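Engineer: The structure is given below, and queries will be raised subsequently.
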Amino acid sequence: MAQIFPPDLIESSETLLERYRQAGKRIVTVESCTGGLLAALLTEIPGSSDVVERGFVTYSNEAKHQLAGVPLEILRAKGAVSAETARAMAMGALCRASADVAVSVTGIAGPGGATPDKPVGLVYFGLAAVGDPPSHRRRIFDGDRGGVRLSSVREALALLAEKVA
């Protein structure tokens with residue numbers, strides 16, 4: 001059977017899912033620029049349904065608002081690619097799912113969509129966990145659209161790994 005993802009990502013996902021399984025924790029993803037790649041990677045692993053609760057693909061601002069509860073005021077004032085939006089996406093997903101940890105990804109994968117303040121490769125990640133305040137991480141990745149998206153998936157996995165005991 002052909003694998004969609006590189007072997008190192010499959011291995012990282014297997015390890016991550018086992019750690020969450022042992023901790024009795026569940027994950028929810030909420031993705032924009034990755035378009036569901038993170039959820040697809042996690043669910044590529046057999047038996048992942050006991051850890052992956054659900055995934056949201058919120059590509060448009062309307063979807064971010066409707067599905068993840070991102071306040072319209074944040075989207076208008078800060079934009080879809082911002083720390084505030086990433087944190088709100090993660091919190092909204094956590095509130096809408098039966099999960100313990102939520103990770104969000106929002107950014108500019110390119111080749112278009114950049115502005116002087118928000119270059120291609122800029123990605124914000126949000127992380128929310130039951131009982132903890134939400135946090136975010138800002139990264140700028142080099143590469144083409146596919147490279148930015150895969151780098152974003154790798155970073156989201158790393159964030160999730162930091163949140164499990």
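Engineer: Amide H neighbours of VAL70 under 5 Å, at least 5 residues apart or on other chains, H built in the peptide plane: list them.
Structural biologist: Under 5 Å from the amide H of VAL70: HIS65.
Engineer: How long is segment 81-165 along each principal axis, judged by its Cα atoms, biggest number first, in Å?
Structural biologist: 37, 22, 17
Engineer: Please report, in debye to the nearest 20, how large the charge dipole of segment 55-165 is about its Cα centre when each Lys and Arg carries +1 at its beta carbon and each Asp and Glu carries -1 there.
Structural biologist: Its charge dipole is roughly 100 debye.
Engineer: Counting only heavy atoms of the protein chains, get the accessible area per residue of the chain (1.4 Å probe) and round it to a whole Å² value.
Structural biologist: Per residue, the chain has an accessible area of 46 Å².
Engineer: Another question, if that's okay. Which is farthest toward the positive dipole end of segment 20-83 among ASN61, THR34, GLY79, measuring Cα position about the Cα centre, with Cβ charges +1 (Lys, Arg) and -1 (Asp, Glu)?
Structural biologist: Ranked along the dipole, the leading option is GLY79.
Engineer: Which whole-Hz couplings ³J(HN,Hα) result when phi for each residue of segment 107-113 is put into the Karplus expression 6.51 cos²θ - 1.76 cosθ + 1.60, θ = phi - 60°, listed in order with x for Gly and Pro?
Structural biologist: Per-residue couplings from phi come out as x, 10, 7, x, x, x, x Hz.
Engineer: Give me the percent of accessible area attributable to carbon and sulfur for the chain, probe 1.4 angstrom.
Structural biologist: The nonpolar share, carbon plus sulfur, comes to 52 percent.
Engineer: Would you tally the net charge around THR15, using a Cβ to Cβ cut-off of less than 12 Å, leaving THR15 out, and scoring K and R as +1, D and E as -1?
Structural biologist: Combined, the nearby Lys, Arg, Asp and Glu give -2.
Engineer: Okay, next question. Given points 7 Å out from each Cα along the Cα-Cβ axis, report the ARG145 to ASP117 separation in nanometres with one decimal.
Structural biologist: 2.6
Engineer: Membrane-span-like helices in the chain: DSSP H runs reaching 20 Å or more (Cα, own axis), mean Kyte hydropathy at least -0.5?
Structural biologist: Numbers: long enough: 7-23 (24 Å, -0.82); 145-162 (26 Å, 0.34).
The qualifying helices are 145-162.
Engineer: Run the Debye formula on the Cα coordinates of segment 42-116, all scatterers equal and no solvent, and tell me log10 I(q)/I(0) at q = 0.12 1/Å.
Structural biologist: -0.37
Engineer: Report the semi-axes of the equivalent ellipsoid for the chain in whole Å, largest first, where each axis is √(5λ) for an eigenvalue λ of the Cα gyration tensor.
Structural biologist: 24, 19, 13
Engineer: Now a separate question. If you take every residue apart from VAL51 with its C-beta less than 15 Å away from the C-beta of VAL51, what net charge results, scoring Lys and Arg +1 and Asp and Glu -1?
Structural biologist: 0
Engineer: Which three lengths, in whole Å and largest first, does segment 1-89 cover when its Cα atoms are put on their principal axes?
Structural biologist: Over segment 1-89, Cα extents along the principal axes are 43, 29, 19 Å.
The values are calculated or read from the model by the stated rules, or taken from the named source; none is laboratory data. Here the structure is a predicted model, which is why all the values come from computation and not from measurement. Methodologically, a virtual Cβ is constructed for each residue, glycine included, from the backbone with ideal geometry; neighbour enumeration extends over all protein chains shown. These area figures cover heavy atoms from the full protein model, side chains too; ligands, DNA and RNA do not enter into them. Shrake-Rupley method; radii C 1.70, N 1.55, O 1.52, S 1.80 Å.
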